[in-house]
Amino acid sequence: MPSQLYNDEEITMTDTQIGSHINAEAPRSKAQAHDAFPKADTSPDIALIQARNFNFFYGKQQALFDISLDIPERKVTAFIGPSGCGKSTILRSINRMNDLIEGVSHGGDITIGGTSIYDPQLEVIGLRRRVGMVFQKSNPFPKSIYENVVYGLRVAGENRKARLDEVVEQSLKSSALWDEVKDRLQESALALSGGQMQRLCIARAIANEPDVLLMDEPCSALDPIATAKIEELIYQLKRDFTIVIVTHNMQQAARVSDKTAFFYLGKLIEFNNTKAMFISPTKKQTEDYITGRFG
Amino acid sequence: MPILEKKPINPHPAFRPADPRAAVKKRSTYGEPLVWLTSVGLSAGLLMVVALLAVVFVNGLTVFWPKPVAAVTLSPNAKDSVGGAKSFAGTVIKHQKKITHAAVIPGQKSSDAPYEWQFYIGNKDLYGLGYKYIDNADIVGMSRPKDIIVIERLEYGNAIGRAVSLVEDDGSVVAAEHASFGNRFSAKVRTANERRAEIKVIEKSKIGRVNARMRELTLQSQELEKQVKGLPKHRQNDPELSHERKSIEHEERGLQEEYDQLAAKARALREVQNASTLKYRLLSGQEKDLPIGQVVSFYYPNQLSLVQKIGHFFHSFWRFLAEEPREANTEGGIFPAIFGTFVMTLMMSLAVTPFGVIAAIYLREYAKQGIWVRMVRIAVNNLAGVPSIVFGVFGLGFFVYFVGGTMDKIFFNSALPTPTFGTGGILWAALTLALMTVPVVIVATEESLAAVPRGVREGSLACGASKWQTIRRVVLPAAAPGIMTGFILAMARGAGEVAPLMMVGVVKLAPTLPLDTVVPFVHLERKFMHLGFHIYDLGFQSPDSEAAKPMVFATTLVLILLILALNLTAVRVRQNLRRKYALSAV
Ligand SMILES: Nc1ncnc2c1ncn2[C@@H]1O[C@H](COP(=O)(O)OP(=O)(O)O)[C@@H](O)[C@H]1O
Ligand SMILES: [Mg+2]
């Protein structure tokens, strides 16, 4: 059928475009894989976020078991693993987003720059300002584009127009959205396309100038072109931010991350440089997962 | 081309009816009868609503349509007479089979049953009654003379008869047959109406303002005397005190003077009002003088063209909306009731919304969801089922006697024992209804809060907003259209409510409006009129129920239109909010 052909063509076309952007093919086998890490950062790691024997419970049900890992500064760390393995749970623990759920408890500790996130001296609001978050489903506020970006500053009490204007321009430029929206900052954010909304959410998160940027499957609701744009953006952003990204797309993890952590059933199975992990996984489970044998 | 051999049709066994008779029987899909039932239910409901609205609209609007007036002659030996005479003019209201209490005689055909007519005959000052039933058998003649005039008066309703002459203030007489009669008469009526408006301004606003200031001064001087009594003897003749006393007296004297002047002016205007008179004759021949000051308007019902009728219709509808009631509310307009309903409903809605929204925010966002919150929710929902009169009693006991009484003791002590807030008033009425409608707002708000997606809340919290900031800046705007729905429902419920109002401040006739030009302009303690109560009062408390009937329909119509207008405005606001805050379908 002609329409079927047309569809195939379209998919092929977008694939090429991704290729031109990322300059790499998705790894299909171990032999091909080393072409897929053009941007891997091999500079020495300086741990910023450290989890130590971290356990997490939803009521009585334990979701994380004894997680210990060091997330390096100004690099991209990817969390991968099958659905329900606890990727979101550990990510949302870092900015204490899980506190909102009733009946949760934890054991062990997570530190950022040496300070425990559960330190009674530390305000959770301050923590969330230092640790920005981008969600799977883009969630712009029903406000103008401008107000969306400055939201974090406004709630922190910043109202000077000049400062806000400056932050809006900077953040939107950093999130590669400025050229597309600079003429309609006062229009509703809800009129943007899905990919633009997600980049707006990134702009909103970085407007607070956080140290860490958490991303929970930021591209899973986006089309390939928008995904490619976000991936390119992540590469740009790691110069200034420590990024932790959850993804269940292996190729994406390979394309964007420097380090990868593989979780399975609430446990950290393997944590290594991405390239090393994808080329020679040390654990059988990891190999099975990244070669697509389950998950 | 080879001709295809025709194969005998041999359908698959599944499509073949096992029994040829079964094929005739139609299959009905399960569930279809239920669909049918639901549509019947909906149509029955709609039909009832439409019928009710139609009754109200038709009866309410025809009140203002000018109807022809018949000149009726009764047979000389008729038992009935109108004001002792055998001829009269009247508008036909009904023509029906006579309602008798006599047993139906078997064999008598129903068409033989006697008929009777109901007429609106006006001239209540002479006839005593505005409406009359006449037996068909008694009527010997009915015609529509062109020269019949209907005069709307300030008192005793309409006069119906024939104009004879206009006696002007200088004594000159213009006969009704004279060409200039019509113009002169309307000019006179117009100036009389203008003068009446002027008198009203003087008596209501100007004298009202003087009186209000006088009352204040009286209270002030009472307060002063009380103070003086409390002082030791040697300080009672303090020059400062006597100075104050003097200044009060001085102002009082000034006000008294002003009052005298205004009263004299009003009196003079009143006298001029009645300088000319209209002489008119009933169909029986009896003549009567009517001072022009008494005339509100007049028309010749049997001469009107369609355009004139339409003009008359809109004019009298407008006057019904804009004028004050007369003659125990059976004549004139209903403006104070419209105004009272509007102000009270608005106050109620403005009071109930923040109250309900705050309660709902606590219940949904802060309270720990558990058995306790569930019980509160059930209690709130059941509150909506409490008879409204119970709320009225509660309002009387709590707002009027307790809160109002306490306020009087603290702030208006000098006016006691005359209560200021310790008696029914528009504020207490609005608060009582707010209490009654608060469950509606709470339920609607809770639902709309629950519908705000989790993602938006988390997004806000992740930006470093506190819980309250999240609610105020993100959740409430997103929930605003739902809150508006609660507002609309509360308004609709409150605007049509009557029973509780009767206990907390509604009156049959309020001399003043809750808002006017006398300082402080808003008088929350005042009693007020209300359309719903007006309907009840006209329909069930009126001395002349026949005269009140058209007013009941017209007032109901206005109440429905008012609620509709309020609702449509709120719906518009809600649409704007939706457009502004709608969470997209991502
Ligand atoms: N709010 C919650 N309440 C109870 N259990 C939860 C909740 N969220 C997640 N879980 C459970 O925790 C486990 C890990 O979930 P999650 O971290 O969301 O997995 P992933 O993001 O890797 O798919 C799952 O078994 C899930 O059922
Ligand atoms: Mg997840």
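Taken over the stretch B:238-276, the criterion of being farther than 30 Å from residue B:167 by Cα and touching a helix residue (DSSP H, G or I) at 6+ places or on another chain (Cβ under 9 Å) is satisfied by B:238, B:241, B:244, B:245, B:248, B:249, B:251, B:252, B:255, B:256, B:258, B:259. Inclusion of residue B:444 among residues that are of a type in the set (A, V, I, L, M) and at pLDDT 90 or above is warranted.
Residues in the stretch A:132-163 that are of a type in the set (Ser, Thr, Tyr) and either within 16 Å of ligand 2 (Cβ to nearest atom) or open to solvent by 10 Å² or more (accessible area, probe 1.4 Å) (or both): A:138, A:144, A:146. Do you know which of the residues in the stretch A:170-221 that are within 16 Å of ligand 1 (Cβ to nearest atom) and farther than 18 Å from residue B:463 by Cβ is farthest from the chain's Cα centre (by Cα)? Ranking the candidates gives A:221 first. Under the condition of being more than 12 Å from ligand 1 (Cβ to nearest atom), among the small types (Gly, Ala, Ser) and open to solvent by less than 40 Å² (accessible area, probe 1.4 Å), the residues counted in the stretch A:244-281 number 4.
So that you can scan it fast, the table gives a plain yes or no per residue for (1) without any contact (Cβ under 8 Å) to a residue 12 or more places away in the chain; (2) assigned to a helix (DSSP H, G or I); (3) within 14 Å of chain A (Cβ to nearest Cβ); (4) crowded, with 18+ Cβ neighbours inside 10 Å:
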site	(1), (2), (3), (4)
B:406	yes, yes, no, no
B:437	no, yes, no, yes
B:449	no, yes, no, yes
B:452	no, no, yes, yes
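Checking the condition exposed (fewer than 15 other Cβ atoms within 10 Å of the Cβ) and either in contact (Cβ under 8 Å) with a residue 60 or more places away in the chain or among the aliphatic types (A, V, I, L, M) (or both), which residue from B:351, B:384, B:360 passes? When all the criteria are applied, what remains is B:384.
The test for being out of contact with any strand residue (DSSP E or B) (no Cβ under 7 Å at 6 or more places or on another chain) and either crowded, with 20+ Cβ neighbours inside 10 Å or away from chain B (no Cβ under 14 Å) (or both) holds for residue A:171.
Residue B:133 fulfils the conditions (1) within 27 Å of the chain's Cα centre (by Cα); (2) open to solvent by 60 Å² or more (accessible area, probe 1.4 Å) except for a single criterion, (1).
Taking the listed residues B:294, B:308, B:273, B:286, the one that is within 22 Å of residue B:187 (Cα to Cα) and in contact with a Leu (Cβ under 9 Å, 6 or more places away or on another chain) is B:294, with no other qualifying. Among the criteria (1) within 26 Å of residue B:346 (Cβ to Cβ); (2) within 14 Å of another protein chain (Cβ to nearest Cβ); (3) among the small types (Gly, Ala, Ser), the one residue B:460 does not fulfil is (1). Applying the criterion of at least 1 residues that are hydroxyl-bearing (Ser, Thr, Tyr) and at pLDDT 85 or above to the strands (runs of 3 or more DSSP E) found wholly in the stretch B:261-313 leaves B:277-281, B:295-299. Restricting to the stretch B:213-260, name every residue that is surrounded by 14 or more Cβ atoms within 10 Å (Cβ to Cβ) and either in a loop (DSSP other than H, G, I, E, B) or among the aliphatic types (A, V, I, L, M) (or both). Across the stretch B:213-260, the qualifying residues are B:214, B:217, B:219, B:224, B:228, B:241, B:248, B:255. Only one entry in B:210, B:201, B:164 is hydrophobic (A, V, I, L, M, F, W, C), within 43 Å of the chain's Cα centre (by Cα) and not in a helix (DSSP H, G or I), namely B:164. Mind listing just one residue for me: the one in the stretch A:103-151 that is within 14 Å of chain B (Cβ to nearest Cβ) and among the acidic types (Asp, Glu) and, of those, farthest from residue A:237 (Cα to Cα)? Here the answer is A:123.
Every condition in (1) closer than 21 Å to residue A:94 by Cα; (2) within 14 Å of another protein chain (Cβ to nearest Cβ); (3) crowded, with 21+ Cβ neighbours inside 10 Å is met by residue A:211 except one, and the failing one is (3). Taking into account only those residues within the stretch B:463-486 that are over 18 Å from residue B:580 (Cα atoms) and in contact (Cβ under 8 Å) with a residue 60 or more places away in the chain, which is nearest to the other protein chains (Cβ to nearest Cβ)? For the stretch B:463-486, the residue satisfying everything is B:467. Checking the stretch B:568-578 against the condition returns a match, with at least one residue being within 14 Å of chain A (Cβ to nearest Cβ) and open to solvent by less than 50 Å² (accessible area, probe 1.4 Å). Taking the stretch A:71-102 as the range and being more than 17 Å from residue A:52 (Cα to Cα), open to solvent by 10 Å² or more (accessible area, probe 1.4 Å), more than 11 Å from every other protein chain (Cβ to nearest Cβ) and within 8 Å of ligand 1 (Cβ to nearest atom) as the test, the residues that pass are A:82, A:83, A:84, A:88. One residue alone among A:67, A:90 is within 16 Å of ligand 2 (Cβ to nearest atom), out of contact with any Ser or Thr (no Cβ under 6 Å at 6 or more places or on another chain) and assigned to a strand (DSSP E or B), and that residue is A:67.
Within the option set A:247, A:274, being more than 16 Å from ligand 2 (Cβ to nearest atom) and within 24 Å of residue A:64 (Cβ to Cβ) holds for one residue only, A:274.
The single residue among B:510, B:585, B:499, B:548 that is at pLDDT below 85, over 29 Å from residue B:208 (Cβ atoms), of a type in the set (A, V, I, L, M, F, W, C) and outside any helix (DSSP H, G or I) turns out to be B:585. The set of residues in the stretch A:174-191 that are within 14 Å of chain B (Cβ to nearest Cβ) and either touching a Ser or Thr at 6+ places or on another chain (Cβ under 6 Å) or open to solvent by 10 Å² or more (accessible area, probe 1.4 Å) (or both) comprises A:186, A:187, A:188, A:190, A:191.
The values are calculated or read from the model by the stated rules, or taken from the named source; none is laboratory data. Keep in mind the model is a prediction, meaning the values are calculated, not measured. No Cβ is skipped: glycine too gets one built from the backbone with ideal geometry, and neighbour counts run over all protein chains shown. Just so you know, the surface numbers come from the protein's heavy atoms only, side chains and all, with ligands and any DNA or RNA stripped out. Shrake-Rupley method; radii C 1.70, N 1.55, O 1.52, S 1.80 Å.
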